[in-house]
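Written out below as structure tokens is the structure these notes cover.
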Amino acid sequence: MGVLSNLEPREVFGYFEEICSIPHPSYREKKLSDYCVAFARQHGLEVHQDELGNVIIVKEATAGYEQVEPLIIQGHLDMVCEKEPGCQIDFEKEGLKLAVEGDYITALGTTLGGDDGIAIAYSLAILASDTLEHPRIEAMFTVSEEVGMEGAGAIDVSALKGHKLLNIDSEEEGYLLTSCAGGCRANMVLQAEHEKRQGKLYDIWIKGLKGGHSGVEIDKGRANSNILMGRVLLALEGKVDYSVIAMTGGLKDNAIPRETKGSLLVNPQDTEKLESVIKRVGEDIAKEFVATDPDITVILEDRGVGEAMTLTEMCRRKVVALINLLPNGIQAMSGDIPGLVETSLNLGVLILDDKELTLRYAVRSSVRTAKEYVTDKLRFLTEELGGSLVIEGDYPAWEYKKDSQLREDMIRVYREMYGKEPVIQAIHAGLECGLLAGKIADLDAVSLGPDMVGVHTTEEKLSISSTKRVWEYIVEVIKQK
């Protein structure tokens, strides 16, 4: 018996549990992709799979729906893989350990992957059903969405006949999304210059942050542990004779980092100054973020006396300058839609090893030129300090479609089912609809999904009751003629 076997709708939660048992981090989706292909063949459905692992499964219309326009149902196969300190899971080899907590499904010690496993589960349940009424269903499952929408950018859509797309990649029931920001990944590299030094060795830990999705939670004012590490190092400048050995923080560019570690070598004569500065900065940070990150801590660990290869003073100053001077967080709010973030960026990954400093940003904007301005600033400052920048995974914004039959049908169905209006919304997070609109002429798309909290964090949860209601809503939507 599975952990979710008693939940309704059983077909949806059954497939979701199977999906969670299959490793599917970004760039490692093949097992889940192959599972979907095997599912299609088992059910006698038309299936297409490309070299990347993108999958399209086609189920022909049921009786009476042969002349109704086909409907594309779309989600992505990959998940953001974050885990709590001490969690030993190997995301490339092991499935998740699910648990039910009241109305929520969660994964023990890790992200859940409800983003976007629930889309695949909904789709498979529709494709497997012998009782649902529907037009031709074209289920599209893409890879590498979380790392730049590479699957959607490369997928061949020639097998599709539909021009209406139901994207199931949102996290709030009752909201119909109709446009979103575009974005890209900005990867900066600065070559490290080292020298051998002796002194007192310390580790600095910045822990206890809430983190979150860099599109959905960027407006919550939450702290970024990588940025805070830069702030701590800046506070030491001119006060403590120190060198940097290594740093590491964050796992994904599109997740606000929750924890960063820095290893330092300090002149033994400055140990008291170091402890004093770290204590003061830690207290300052805790006060500033008490409302958003109440559990934040800055910890100093004494590792004794030793010898290490450290950054030269000049290289250290460049590293500290880059982390502190490069922009981060919200850059502009929308002038058209109150409360909507227009442009932002998130320093999601920081790595300093024996070769180089690497900084990885997720950049988002609903305005193409504003996005380009941000990346131009990143490039200019990085190159001025002797580094280099590469832009990857650039994807366009999904523009609002003034005349949308799908949107109007979904509003009407929602009103009939619940006696109220759904919220029509634009979001700052990225969705694949913009890329797909460039491949499918006159695409009419709407995004929706059940309630989820803590997406891209180890506190991620999927609402059971909301999943059921959204399933019932989707069933009614696909029945429309």
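The values are calculated or read from the model by the stated rules, or taken from the named source; none is laboratory data. Here the structure is a predicted model, which means the values were calculated and not measured. Neighbour counts run over all protein chains shown; Cβ positions are idealised from the backbone, glycine included. Ligands, DNA and RNA are excluded from the accessible area calculation, which covers all protein heavy atoms including side chains. Shrake-Rupley method; radii C 1.70, N 1.55, O 1.52, S 1.80 Å.
What the table shows:
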{"read-out": "Pairs with Cβ under 6 Å, 6+ apart, first in the range 179-202 and within 15 Å of I351 (Cα to Cα) and of a type outside the set (A, V, I, L, M), second open to solvent by 10 Å² or more (accessible area, probe 1.4 Å) and modelled with pLDDT of 95 or more", "value": "N187/R360; N187/V390; Q191/E356; E193/T312"}
{"read-out": "Residue in the range 238-251 that is part of a loop (DSSP other than H, G, I, E, B), of a type in the set (D, E, K, R) and buried (at least 22 other Cβ atoms within 10 Å of the Cβ) present", "value": "no"}
{"read-out": "Per-region count, the range 441-468, residues closer than 30 Å to Q67 by Cβ, at pLDDT 95 or above and not small (G, A, S)", "value": "4"}
{"read-out": "Residue within the range 371-392 that is of a type in the set (S, T, Y), surrounded by fewer than 18 Cβ atoms within 10 Å (Cβ to Cβ), touching a residue at least 40 places away in the same chain (Cβ under 8 Å) and farther than 11 Å from M188 by Cα present", "value": "no"}
{"read-out": "Qualifying position, being under 30 Å from T369 (Cβ atoms), at pLDDT 95 or above, out of contact with any strand residue (DSSP E or B) (no Cβ under 6 Å at 6 or more places or on another chain) and aliphatic (A, V, I, L, M), among I296, I323, I330", "value": "I323"}
{"read-out": "Members of the range 356-369 that are open to solvent by 60 Å² or more (accessible area, probe 1.4 Å) and under 20 Å from the mean Cα position of the chain (by Cα)", "value": "R360"}
{"read-out": "Residue within the range 342-355 that is under 21 Å from N254 (Cβ atoms) and open to solvent by 10 Å² or more (accessible area, probe 1.4 Å) present", "value": "yes"}
{"read-out": "Residue list for the range 170-215, filter: under 16 Å from the mean Cα position of the chain (by Cα), open to solvent by 10 Å² or more (accessible area, probe 1.4 Å) and over 30 Å from K318 (Cα atoms)", "value": "E171, E172"}
{"read-out": "Subset of the range 303-337 that is open to solvent by 80 Å² or more (accessible area, probe 1.4 Å) and touching a residue at least 60 places away in the same chain (Cβ under 8 Å) - its residue that is nearest to W205 (Cα to Cα)", "value": "R303"}
{"read-out": "Residue within the range 282-296 that is assigned to a strand (DSSP E or B), out of contact with any Leu (no Cβ under 9 Å at 6 or more places or on another chain) and on the phi < 0 side of the Ramachandran plot present", "value": "no"}
{"read-out": "Candidate set from the range 383-407 (those that are among the small types (G, A, S) and in a loop (DSSP other than H, G, I, E, B)); member that is modelled with the lowest pLDDT", "value": "A397"}
{"read-out": "Qualifying positions in the range 393-412 - touching a residue at least 60 places away in the same chain (Cβ under 8 Å) and among the acidic types (D, E)", "value": "D394, E399, D409"}
{"read-out": "Any hit, the range 292-302, residues being under 30 Å from I155 (Cβ atoms), within 23 Å of the chain's Cα centre (by Cα) and surrounded by 15 or more Cβ atoms within 10 Å (Cβ to Cβ)", "value": "no"}
{"read-out": "Any hit, the range 139-154, residues being farther than 18 Å from I440 by Cα and among the aromatic types (F, W, Y)", "value": "no"}
{"read-out": "Qualifying residue in the range 161-176 (condition: touching a residue at least 12 places away in the same chain (Cβ under 8 Å) and farther than 24 Å from Q425 by Cβ)", "value": "yes"}
{"read-out": "Residue count, the range 216-227 (criterion: assigned to a helix (DSSP H, G or I) and under 21 Å from N187 (Cβ atoms))", "value": "4"}
{"read-out": "Scope the range 131-147; condition open to solvent by 10 Å² or more (accessible area, probe 1.4 Å) and either touching a strand residue (DSSP E or B) at 6+ places or on another chain (Cβ under 8 Å) or at pLDDT below 95 (or both); matching residues", "value": "R136, E145, E146, V147"}
{"read-out": "Answer from S21, S26 - the residue that is at pLDDT 95 or above and in contact with a strand residue (DSSP E or B) (Cβ under 8 Å, 6 or more places away or on another chain)", "value": "S26"}
{"read-out": "Where M410 falls short, out of the listed (1) open to solvent by less than 60 Å² (accessible area, probe 1.4 Å); (2) closer than 18 Å to F16 by Cα", "value": "(2)"}
